[in-house]
Amino acid sequence: MNDEVYSHGHHASVTSAHAMRRAQDSAGYLLEHLSSGMRLLDIGCGPGSITADFAALLDPAVVIGMDRAEGVVALAARTYAGIENLSFRTGNVYDLDLEDESVDVVHAHQVLQHLTDPVAALREMQRVTRPGGIIAVRDADFHAMAWYPPAPELDEWMETYQQLARSNRAEPDAGRHLLAWAHEAGLTEVEASSSNWLYATQERRRWHAETWAERVLSSGFAEQTLERGLADSAALERMAAGWRRWGESPDGWFLIPCGELIIRV
């Protein structure tokens, strides 16, 4: 397994946020291409909420959730233990423990942005996908995120996150790179699209702000930025306070654009 570092880490503030994601709000671009009986591999499945939705949609076909982190795989397996056509396992995106052409769909949500070699990962996804099958990828574009009202602390957070991700040899602005990566991998039958997450109601704004405030102080983001001298404790406290202040603004708006690809194999 490649010696790669996940910039967010697997603190509860991260996994609990990821567990709120569902297929409808995070994989809507893929749903119209799915039908019962398709065998699906969900790479970077995290706590498994999207994966479980796929299992319900594709039943009785087998759905496999895969993640490199043993703890989060165990969490997903416990949470969704009652779903018969769903299983979870640890795995390496560069060396998938599946036979050639063994699945109908490979799905990877917010995964390529964290990899040192997303092109190699796409080629490995192609290997396990049957001819006529689908590779579906979706990634955020951090530099394209927009928020209001202006907040210097969020500007500082963005710059720090960019530095951290790039110090991990990852690409935080992955959304805009997806098409180029697919072409470099030799994948040419590609349908590109984009969709957004928007936090602009009081409930969603406060949830998003509090989630990131906690992550700034307690997750892998905090540990790695401190270790590498990208920020000190005072800076992290300042960023967290800025997030919480933004979350209380009745005018608060935070837009996260994501690039998406449907790739026919």
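The values are calculated or read from the model by the stated rules, or taken from the named source; none is laboratory data. Since we're looking at a predicted model, the values are computed, not measured. Neighbour counts run over all protein chains shown; Cβ positions are idealised from the backbone, glycine included. Quick note on the areas: whole protein, heavy atoms, side chains included, nothing else; ligands and nucleic acids left out. Shrake-Rupley method; radii C 1.70, N 1.55, O 1.52, S 1.80 Å.
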Treating the beta-carbon of each Lys and Arg as +1 and of each Asp and Glu as -1, no other charges, what is the dipole magnitude of segment 1-131 about its Cα centre, to the nearest 20 debye? 300 debye
Which FRET efficiency value, to the nearest 0.05, do you get for Leu198 and Glu227 by plugging their Cβ-Cβ distance into 1/(1 + (r/R0)^6) with R0 = 41 Å? 0.80
Environment charge at Glu156 (Cβ cut-off 14 Å; Lys +1, Arg +1, Asp -1, Glu -1): -3
Expressed in square angstrom to the nearest 10, the accessible area of Ile262 with a 1.4 Å probe stands at 10 Å²
Net dipole in debye of segment 14-84 [+1 Lys, Arg Cβ; -1 Asp, Glu Cβ; about Cα centre; nearest 20]: 120 debye
The chain: calculated mean residue ellipticity at 222 nm from DSSP helix runs of at least 4, using -39500 (n - 2.57): -12000 deg cm²/dmol
Give the relative contact order (percent, whole number) for the chain; include only Cα pairs under 8 Å separated by 6+ residues. 23 percent
Filter the trypsin sites (Lys or Arg not before Pro) in segment 1-70 down to the DSSP loop ones having no more than 13 other Cβ atoms within 10 Å, then list what survives. Arg22
Roll a 1.4 Å probe over the protein chains and send me the accessible area per residue for the chain in Å². 43 Å²
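Counting other Cβ atoms within 10 Å, which GluC sites (Glu not before Pro) in segment 17-115 have at most 10 and lie in a DSSP loop?
Values: sites: Glu32, Glu70, Glu84, Glu99, Glu101; in loops: Glu32, Glu84, Glu99, Glu101.
Of the GluC sites (Glu not before Pro), the ones in loops of segment 17-115 whose Cβ has at most 10 other Cβ atoms within 10 Å are Glu32, Glu84, Glu99.
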Springs between alpha-carbon atoms under 10 Å, Gaussian network over the chain: tell me which of Gly175, Gly186, Gly65 tops the mean-square fluctuations. Gly186
Total charge dipole magnitude, the chain, about the Cα centre, Cβ charges on Lys, Arg, Asp, Glu only, Debye to nearest 20: 380 debye
Out of Ala151, Ala174, Ala234, a Gaussian network model of the chain with alpha-carbon springs under 10 Å gives the largest mean-square fluctuation to Ala234
Extended-chain gain in nm, criterion 0.36 nm per residue less alpha-carbon gap, Ala234 and Glu32: 68.0 nm
In the Gaussian network model of the chain, springs joining C-alpha atoms below 10 Å, which of Gln202, Gln224, Gln126 carries the largest mean-square fluctuation? Gln202
Ala69 and Asp117 label points (each 7 Å along its Cα→Cβ direction) are spaced in nm at 2.4 nm
Surface share of carbon and sulfur [accessible, 1.4 angstrom probe, percent] for segment 140-265: 50 percent
Enter the accessible area of His33 (Å², nearest 10), with the probe set to 1.4 Å and all protein chains included. 40 Å²
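Counting only C-alpha contacts under 8 Å and six or more residues apart, can you give the relative contact order of segment 12-75 as a whole percent? Present the calculation step by step, with values, prior to reporting the outcome.
Details: 86 pairs, mean separation 22.4, N = 64.
Relative contact order comes out at 35 percent.
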Spin-label model distance (nm) - Val62 vs Gln24, 7 Å beyond Cα toward Cβ: 3.0 nm
